[in-house]
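All remarks here apply to the structure that follows.
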Amino acid sequence: MRLIEVRNPDEAKTVAADLIQTYRPRVFGAATGATPELLYRELVDRRALDPSTTVCLLDEYIGLSTNHPQRYRHVIERQLATALGLSVVSPDVDADDLARACCAYDTMLDEVGGIDVQILGIGRNGHIAFNEPGTLFETATHVVELAATTRADNARFFVTDERPPTHAITQGIASIRRARHVILIATGRAKADAVAAMLDGPISTSVPATALRDHANVVVIADCEALAARAVTNHQRCVTTCPT
Ligand code: F6R
């Protein structure tokens, strides 16, 4: 795992966009959530992805109406794909047979040639995609029941009287590990414990992000706040430049 320490989310998005332009992905794996929003805006501004690029969703809620604005397909279309003219593939969360839809999604990822660059955020509980603590590292794409912390965190994207769905289809940890390059972005104090566990703790299913530790091409881009809980203080630049 290569760690790039940055001062703030703005610097994180610039470093991530530079890396993506170096990798020149044909197949781009997109996380949703607050973390990558700035990055996607930057990629659009730079016109950094060729229109022939295929965008593959990392996960998708089950149970939202097809035109619901928080469907991750719509979020990624709004934030990234439409402006750049990119095609989007996602798991079929409306299928009668969801188990079959999960297998079909892994097959689809293979058919498009595999993911060249996968963007990830990290949950407060150390999840990657919607692989919640306890998920085996061998899991392929599957249906997941979202953890209470995940639903609480994601409630901010929904209008007040609406609760986030209880279930989703997520790429499994094995699916994510097949990506050629992984860029995980972590910003903000809320992620500090998860980031410390991912970087320095034992490799364990209780912190799903530790499954990335032995991947050959993972870059973690983390800001000072997200690195604040590390026992190892090798982030001198952050220590000296971040307000306390
Ligand atoms: C999103 C996803 C999640 C988020 C994570 C962080 O597709 O799979 O793993 O990356 O929950 O979310 P934010 O960025 O909103 O803090």
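The values are calculated or read from the model by the stated rules, or taken from the named source; none is laboratory data. Quick caveat: nothing in here was measured; it's all calculated off a predicted structure. As a convention, Cβ positions derive from the backbone with ideal geometry for all residues, glycine included, and neighbour counts pool all protein chains shown. Ligands, DNA and RNA are stripped out before the accessible areas are found, and what is left, the full protein with its side chains, is counted by its heavy atoms. Shrake-Rupley method; radii C 1.70, N 1.55, O 1.52, S 1.80 Å.
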How many residues are surrounded by 14 or more Cβ atoms within 10 Å (Cβ to Cβ) and more than 16 Å from the chain's Cα centre (by Cα) if we restrict to the range 82-95?
6
Check Val93 against each of (1) touching a Ser or Thr at 6+ places or on another chain (Cβ under 9 Å); (2) closer than 23 Å to Gly123 by Cα; (3) in contact (Cβ under 8 Å) with a residue 40 or more places away in the chain and name the one condition it does not meet.
(1)
Over the range 148-170, the set of residues within 10 Å of the ligand (Cβ to nearest atom) and either outside any strand (DSSP E or B) or open to solvent by 40 Å² or more (accessible area, probe 1.4 Å) (or both) is Thr149, Thr150, Asp153, Asn154, Arg156, Phe157
When you go through Leu109, Leu80 one by one, which is the residue that is part of a helix (DSSP H, G or I), hydrophobic (A, V, I, L, M, F, W, C), within 16 Å of the ligand (Cβ to nearest atom) and over 24 Å from Phe157 (Cα atoms)?
Leu109
Could you check the range 12-43 and list, in sequence order, the residues that are assigned to a helix (DSSP H, G or I), open to solvent by 40 Å² or more (accessible area, probe 1.4 Å), touching an Asp or Glu at 6+ places or on another chain (Cβ under 9 Å) and more than 16 Å from the ligand (Cβ to nearest atom)?
Thr14, Tyr23
Looking only at the range 112-130, decide whether some residue is surrounded by fewer than 16 Cβ atoms within 10 Å (Cβ to Cβ) and out of contact with any strand residue (DSSP E or B) (no Cβ under 9 Å at 6 or more places or on another chain).
no
Restricting the range 176-203 to residues that are more than 18 Å from Thr150 (Cα to Cα) and of a type in the set (A, V, I, L, M, F, W, C), the residue that is surrounded by the fewest Cβ atoms within 10 Å (Cβ to Cβ)
Ile203
Scan the range 124-145 residue by residue and report those that are under 18 Å from Tyr61 (Cβ atoms), part of a loop (DSSP other than H, G, I, E, B) and more than 15 Å from the chain's Cα centre (by Cα).
Thr135
Could you list, in sequence order, the residues of the range 117-174 that are on the phi > 0 side of the Ramachandran plot and modelled with pLDDT under 95?
none
Determine whether Pro51 is over 30 Å from Val143 (Cα atoms) and either more than 18 Å from the chain's Cα centre (by Cα) or open to solvent by less than 30 Å² (accessible area, probe 1.4 Å) (or both).
yes
Counting only residues that are assigned to a helix (DSSP H, G or I) and more than 12 Å from the ligand (Cβ to nearest atom), how many does the range 44-74 have?
4
Would you check which residues across the range 131-140 are within 10 Å of the ligand (Cβ to nearest atom) and surrounded by fewer than 24 Cβ atoms within 10 Å (Cβ to Cβ) and list them?
Glu132
Filter the range 137-185 down to the residues that are in contact (Cβ under 8 Å) with a residue 24 or more places away in the chain and among the hydroxyl-bearing types (Ser, Thr, Tyr) and list them by number.
Thr139, Thr141, Thr149, Thr150, Thr166, Thr170, Ser175
Quick one: in the range 184-209, of everything that is closer than 17 Å to Val6 by Cβ and of a type in the set (D, E, K, R), which residue is nearest to the ligand (Cβ to nearest atom)?
Lys191
In the range 83-105, which residues are in a helix (DSSP H, G or I) and more than 16 Å from the ligand (Cβ to nearest atom)?
Ala83, Leu84, Leu98, Ala99, Arg100, Ala101, Cys103, Ala104
Apart from one, (1) closer than 19 Å to Pro164 by Cβ; (2) surrounded by 16 or more Cβ atoms within 10 Å (Cβ to Cβ); (3) of a type outside the set (A, V, I, L, M, F, W, C) all hold for Pro69; the odd one out is (2)
